[in-house]
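The values are calculated or read from the model by the stated rules, or taken from the named source; none is laboratory data. Values in this document were obtained by computation on a predicted structure and should not be read as measured data. So basically every Cβ, Gly included, is an ideal-geometry build from the backbone, and we count neighbours across all protein chains shown. Remember, those area values only see protein heavy atoms, side chains included, never the ligands or the DNA or RNA. Shrake-Rupley method; radii C 1.70, N 1.55, O 1.52, S 1.80 Å.
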Amino acid sequence: MTDPAPRTATASAAERRRPLRVCYPFIGNNVGGSHISTLMLVRQLDRGRVEPVVVLHEAGPLADYVREQGLTYELIDIPAFFKPPYWSLRNILSLIRKTATIARFIRHHDIDLVHANDVRIHFGWTLAIRLAGAKLVWHQRTGSFGRSTIKLLLALLSHKVVCISRYTASTLPRSLGRLIRIIANPFETGYATVDRGAEREKIRRQLALPQETQIIGFFGNLVQQKRPFIFLRAAAEIAKSHSGPFAFLLFGAERNNAIAELTAMAGELGIEGQLYFMGFQTPVEPWMAGCDLIIAPGIGEGLGRTLVEAMIVGTPVVAADSGGHRDVITDGQNGLLARADDPEAFAAASGRLLSDRDLAARLASRAKQEAVENYSIKHHVREMTEIYAGCLDGSRKTKSQDGAPDERSFTEGSKAGPR
């Protein structure tokens, strides 16, 4: 079948009135915060304005999650998709072949814009997007852009770079400043009404915990950046310094034999009988609500999804004083920050909240109010829809005088013009 011709400025009025067709490509081999945030956006989009097309390269764990969300996906079967080291000869040759395949897909499905959320997608799709004549929104969800010249050149081919926090934006090269827009991740604020006592009782019964057990949670995939071993060392300090009993729960998918290593560490620290691996859970908010305290020791987080989810359900948080956590937590006002990679600092901050219930309640109450006001899905959908329209009608926000990203909203009601 012949591919449709590239769209031009002479496209018919009827075509221009149809919803914008936006593609959301993913690898598909895992489920993480970026997938949860993006698919939350996809679910809530106004189908009269935006028609989403979710694409996976592997029918792996993400495929199941997409279906659970009531969504469908297209499969471009590329199971070994552009793995590090990115600029190996194998990857370069593979990229040439994949670029042609992806460009044909974009043209065949009449995609207006691609919203890319993953570094491998950024590398693997950018040239194909431009070749196919579509627009690109590059979503930077981490603070690890790096110093790659090729990555910077690819980012400069995008029409907008969305950063999830001021911290994330601060790590990008200044040459991207005119493209940057800061939009926080979306969250299900409806969980603010969850009954924490009831959820705590569910956990207690499931794990056969004594009634007086204090439940402390870690939420994040079991990878180095999330610092689960710091959580364990802090847990051991808490168990030694405070009267229990305690239960330390780790929620998240295992990576690289992490459970065996953490179990061995727990044995060395003497807390193996208090440690529980809970796996990946969705929705995660009820589990968070059942915890007395959440410790988030991860470093370099773009924003800190765990923090906001905990704030919404009213569970107090101790977080690493690192990266995007500082965008979310104001120390002593809506949570506590502890020195990164310092188990004793985490134990001391946690001890304050465990021993001073009034302080914990005050921080959690303020945190819930802020989270519900600032991180709603409706706000996120509105801002992202404006980004899409702005890319397609050629509108650009004014660069601030100092070259920093402009955080103001696009004009309400902007429409896609001729392509």
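Per the 1.4 Å probe, what fraction of the accessible area of the chain, in percent, lies on carbon and sulfur atoms?
Looking at the chain in its full context, I get 51 percent from C and S.
Counting only the heavy atoms of the protein chains, how much of SER376 is accessible to a 1.4 Å probe, in Å² to the nearest 10?
It works out to around 30 Å².
Can you tell me the FRET efficiency between ARG43 and LYS240 if r is taken as the Cβ-Cβ distance and R0 is 56 Å, rounded to the nearest 0.05?
Working: r = 45 Å, r/R0 = 0.80.
Result of the calculation: an efficiency of 0.80.
Starting from the amide H of ARG181, placed 1.01 Å from N in the peptide plane, find each other amide H under 5 Å away whose residue is 5 or more places distant or on another chain.
VAL161, VAL162, CYS163
With a point put 7 Å past each Cα toward its Cβ, work out how far VAL372 is from ARG174 in nm, to one decimal.
4.3
Could you tally the net charge around PRO228, taking each other residue with its Cβ under 13 Å from the Cβ of PRO228, Lys/Arg +1 and Asp/Glu -1? Please report the intermediate quantities before stating the final value.
Numbers: positive: LYS226, ARG227, ARG233, ARG255; negative: GLU254, GLU261, ASP341.
Result for the neighbourhood of PRO228: +1.
Considering only protein heavy atoms, what is the solvent-accessible area of TYR191 at a probe of 1.4 Å, reported in Å² to the nearest 10?
Approximately 60 Å² for this residue.
Between ARG357 and THR149, what length comes free when the chain is fully extended (0.36 nm per residue of separation minus the Cα-Cα distance, one decimal in nm)? Before the final figure, lay out the partial values.
Working: separation 208, 0.36 × 208 = 74.88 nm, distance 5.06 nm.
Length gained, ARG357 through THR149: 69.8 nm.
Please list, in order along segment 277-291, the HN-Hα scalar couplings obtained from phi with the Karplus expression 6.51 cos²θ - 1.76 cosθ + 1.60 (θ = phi - 60°), rounded to whole Hz, x for Gly and Pro.
Here the 3J(HN,Hα) series is 9, 9, x, 7, 10, 8, x, 8, 4, x, 5, 4, 4, x, 8 Hz.
Accessible area, 1.4 Å probe, largest first: how do ARG17, ARG200 sort? Working shown, then result.
Working: ARG17 180, ARG200 45 Å².
Listed by decreasing accessible area, they come as ARG17, ARG200.
Once you keep just the Cα pairs under 8 angstrom separated by 6 or more residues, what percentage relative contact order results for the chain? Please report the intermediate quantities before stating the final value.
Values: 783 pairs, mean separation 67.5, N = 419.
Contact order relative to length: 16 percent.
Quick one: which residues, 5+ away or cross-chain, put their amide H under 5 Å from the amide H of LEU20? H built at 1.01 Å from N.
So LEU20 has HN proximity to VAL50, GLU51.
Could you grab the relative contact order for segment 281-402? Cα pairs under 8 Å, six or more apart, rounded to a whole percent.
Details: 160 pairs, mean separation 26.4, N = 122.
Rounded, it is 22 percent for segment 281-402.
For LEU93 and ALA253 in one chain, what is 0.36 nm times their gap in residues minus the Cα-Cα distance, to one decimal in nm? Please list the in-between numbers first.
Numbers: separation 160, 0.36 × 160 = 57.60 nm, distance 3.23 nm.
The span from LEU93 to ALA253 would gain 54.4 nm if fully extended.
What accessible area per residue, rounded to a whole number of Å², is obtained for the chain using a probe radius of 1.4 Å?
Values: 17870 Å² over 419 residues.
In whole numbers, the chain has 43 Å² accessible per residue.
Quick query: amide H of ALA319 versus all other amide H atoms, modeled in the peptide plane; which residues come in under 5 Å with a sequence gap of 5 or more or a different chain?
Amide H to amide H, under 5 Å and 5 or more residues apart or across chains, ALA319 pairs with ALA296, LEU336, LEU337, ALA338.
Over the heavy atoms of VAL114, what accessible area does a 1.4 Å probe trace out, to the nearest 10 Å²?
Using a 1.4 Å probe on the heavy atoms, I get roughly 0 Å².
So what are the three principal axis dimensions of the chain from its Cα atoms, in whole Å, longest to shortest?
73, 45, 40
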